[in-house]
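Take a look at the structure below.
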Amino acid sequence: MNQILVQVRVDRDLKEQTASIYNAIGLDLPTAIRMFFKKSVMVGGLPFDGRVQMRDNAAISAFESMRAKVEATDAEEPSMDEINDFISSVRNSQQSSRQSVGHKG
């Protein structure tokens, strides 16, 4: 086996926290790093999902707005169809607003 030395600079606290996690399951840090490398080769990329989860702020705002209206009026809980219709209307309204702004100028 033709081995080379790989060095990486990381925050001391991050290194200690990570080492502690792997030590708890019986691995030292170099072994955990080798496992990361091997799994990366096996899957042809990162061995985990590296995407950032984006929140749909329009949908969340629409839901919160509808929830506030229900609580303020002491009305019955809306159905899922009503919630989805409300969210769709907000999205359509925002999309129309963005398109009209893009056509100005």
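The values are calculated or read from the model by the stated rules, or taken from the named source; none is laboratory data. Keep in mind that what you see is a predicted model, and the values were worked out from it rather than measured. So basically every Cβ, Gly included, is an ideal-geometry build from the backbone, and we count neighbours across all protein chains shown.
Quick notes
- Residue within region 36-46 that is surrounded by 13 or more Cβ atoms within 10 Å (Cβ to Cβ), without any contact (Cβ under 8 Å) to a residue 40 or more places away in the chain and in a loop (DSSP other than H, G, I, E, B) present: no
- In region 1-24, the residues that are more than 16 Å from F36 (Cα to Cα) and of a type in the set (G, A, S): S20, A24
- Answer from A58, A68 - the residue that is surrounded by 10 or more Cβ atoms within 10 Å (Cβ to Cβ) and touching a helix residue (DSSP H, G or I) at 6+ places or on another chain (Cβ under 7 Å): A58
- Here the condition is being part of a helix (DSSP H, G or I) and acidic (D, E); of D13, D49, it holds for D13 alone.
Rundown of residues vs (1) at pLDDT 85 or above; (2) touching a Phe, Trp or Tyr at 6+ places or on another chain (Cβ under 8 Å), yes/no style:
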position: G26; (1), (2): yes, no
position: P47; (1), (2): yes, yes
position: A58; (1), (2): no, no
position: E64; (1), (2): no, no
position: A68; (1), (2): no, no
position: T73; (1), (2): no, no
position: Q95; (1), (2): no, no
position: R98; (1), (2): no, no
position: V101; (1), (2): no, no
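One line per residue, one yes/no per condition, for (1) under 25 Å from the mean Cα position of the chain (by Cα); (2) at positive phi; (3) hydroxyl-bearing (S, T, Y):
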| position | (1), (2), (3) |
| --- | --- |
| L27 | no, no, no |
| I33 | yes, no, no |
| S40 | yes, no, yes |
| D74 | no, yes, no |
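- For the condition surrounded by 10 or more Cβ atoms within 10 Å (Cβ to Cβ) and of a type in the set (D, E), D28 qualifies.
- First in region 78-90 and farther than 13 Å from A58 by Cα, second anywhere and part of a helix (DSSP H, G or I) and modelled with pLDDT of 85 or more, Cβ under 9 Å, 6 or more apart: P78/F86
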